[in-house]
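Working notes, beginning with the structure itself.
Each reported figure results from applying straightforward, stated rules to the coordinates on display, with no laboratory input. Owing to the predicted nature of the structure, the values given are computational and were not obtained by experimental measurement. Positions of Cβ are backbone-derived with ideal geometry, glycine not excepted, and every protein chain shown enters the neighbour counts.
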Amino acid sequence: MKILRAFFSLLLVGFLMSGCNSGKSWRTASRQSAGIAPDPLVTKEAVLHVYGADTWGWRGWFAIHTWIAAKRTGESNYTVYDVVGWRGYSGQPVMRITQDIPDRYWFGEKPRLIKEHRGAEVDELIDAVEKA
């Protein structure tokens with residue numbers, strides 16, 4: 001009975017460990033637009049989106065990476081706000097604010113739109129994000 005229990009324990013550990021390696025490389029994973037955000041050249045109203053995508057590797061079983069993308073009324077680009085702790089290991093700021101593709105894949109994982117705000121009063125929400 002002990003041998004059988006040990007065998008199944010090893011089998012379970014092996015199964016779980018095999019799921020930790022997807023065979024994908026974060027260096028070559030897609031970072032293209034998912035086509036969720038409205039085109040800023042066509043959409044003149046203010047847009048504030050909150051996105052989330054599974055994190056890289058086994059962490060994706062438990063967590064998502066979230067970020068905010070904002071475009072003020074009349075602007076032709078999105079500003080993306082995100083925090084990534086591992087940037088701090090190389091001396092970079094963990095908070096990144098940049099003009100970027102708002103709905104890009106997060107290292108190969110398709111983002112989901114968590115919350116959307118659009119319209120005239122959204123400029124005030126973007127001010128609050130900037131202040132925070």
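See the values below:
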| quantity | calculated |
| --- | --- |
| Full-extension gain in nm, Asp127 to Arg112, via 0.36 nm per residue minus C-alpha separation | 3.0 nm |
| Trypsin sites (Lys or Arg not before Pro) within the stretch 38-86, DSSP loop, no more than 14 other Cβ atoms inside 10 Å | Lys44 |
| Filtered chymotrypsin sites (Phe, Trp or Tyr not before Pro), the stretch 54-88: DSSP coil and at most 15 other beta carbons within 10 Å | Phe62 |
| Exposure proxy order (Cβ contacts within 10 Å, fewest to most) of Asp39, Asp127, Asp54 | Asp39, Asp127, Asp54 |
| Per-residue [θ]222 nm for the chain (sum of -39500 (n - 2.57) over DSSP H runs n ≥ 4, rounded to 500) | -6500 deg cm²/dmol |
| Correct choice for Kirkwood radius over Cα pairs in Å that was computed from the model, options (1) 14.3; (2) 17.5; (3) 17.0 | (3) |
| Pairs of lysine residues in the chain - Cα separation under 20 Å, sequence separation of 8 or more or cross-chain | 6 |
| Spacing of the two label points (7 Å from each Cα toward its C-beta) at Ser33 and Thr73, in nm | 2.4 nm |
| Helix 122-131 vs. the chain, principal-axis angle (Cα, 0 to 90°, nearest 10) | 60 degrees |
